[in-house]
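What follows is a short report on a single structure.
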Amino acid sequence: MNFSSKLLEDAVNEFSKLPGVGQKTALRLVLHLLNKEQEEVDHFGNSVMRLRKEIKHCSVCHNISDHELCDICTANKRDRDVICVVEDTRDVMAVENTGQYFGVYHVLDGLISPMDGIGPSDLFIDSLVQRVATTPVKEVILALSATMEGDTTLFYLYKRLKDFQIPITTIARGIAFGGELEYADEITLGRSIVTRVPYQSSLIK
Ligand SMILES: [Zn+2]
């Protein structure tokens, strides 16, 4: 692309670094911003800058939060002894949207993937084991995507947690193999959580 302005070119290049955004789309977005009121563009820029600088991760569940502890971990009405283990914050949002779950979460920040060089020590797995070992926990629900990485992580977590003698369940497979949690519709995901099954029995196929 031949740009008439270096500022325009820089902005388009930055936007096109975002996933799923090509140069054409980036140009459309940038021109759109140019037509907005100054105040609105300032707001947009500030929100991006503050996001990276100020956002925190909950020190208990690792979910993205504005505070040291997230709103779910500090809420009075949640069952603190039921922990739902998910891959990332998008899955927390997906499960919350079902309105069917009242426990707390543990965000792993990814899945075990030897192909991508991601091992257990790259994820918040030790802190999960620590949580189970040091706080009263009645059940751990493993709500991971039905993919190869999800299954590998599921099996590894089961091995790490099984000696604690607490029920380890997994969401019922209303979710098709290869399905990612964030794409499951709310009703299907809600039903999967309510009808969760012990992990041991899900190993027998
Ligand atoms: Zn939290």
Task: Only listed residue being touching a residue at least 60 places away in the same chain (Cβ under 8 Å), over 22 Å from Ser192 (Cα atoms) and of a type in the set (Ser, Thr, Tyr), chosen from Ser113, Ser127, Ser121 - done: Ser127
Open item on the list: Can you go through Ile125, Ile83, Ile112 and tell me which one is open to solvent by less than 40 Å² (accessible area, probe 1.4 Å), touching a Phe, Trp or Tyr at 6+ places or on another chain (Cβ under 9 Å) and within 14 Å of the ligand (Cβ to nearest atom)?
Closed with: Ile83
Open item on the list: I'd like the full set of residues that are open to solvent by 90 Å² or more (accessible area, probe 1.4 Å) and within 25 Å of Ala172 (Cβ to Cβ), limited to region 70-80.
Closed with: Lys77, Arg80
Task: Extreme residue, nearest to the chain's Cα centre (by Cα), among residues of region 86-107 that are surrounded by 15 or more Cβ atoms within 10 Å (Cβ to Cβ) and within 13 Å of the ligand (Cβ to nearest atom) - done: Thr89
Open item on the list: Filter region 50-69 down to the residues that are more than 9 Å from the ligand (Cβ to nearest atom) and either part of a helix (DSSP H, G or I) or surrounded by 12 or more Cβ atoms within 10 Å (Cβ to Cβ) (or both) and list them by number.
Closed with: Arg50, Leu51, Arg52, Lys53, Glu54, Lys56, Ile64, Glu68
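The values are calculated or read from the model by the stated rules, or taken from the named source; none is laboratory data. As the structure is a computational prediction, the values presented were derived from the model and not from experiment. Every residue, glycine among them, receives a Cβ derived from its backbone with ideal geometry; neighbour counts consider all protein chains shown. Ligands, DNA and RNA are excluded from the accessible area calculation, which covers all protein heavy atoms including side chains. Shrake-Rupley method; radii C 1.70, N 1.55, O 1.52, S 1.80 Å.
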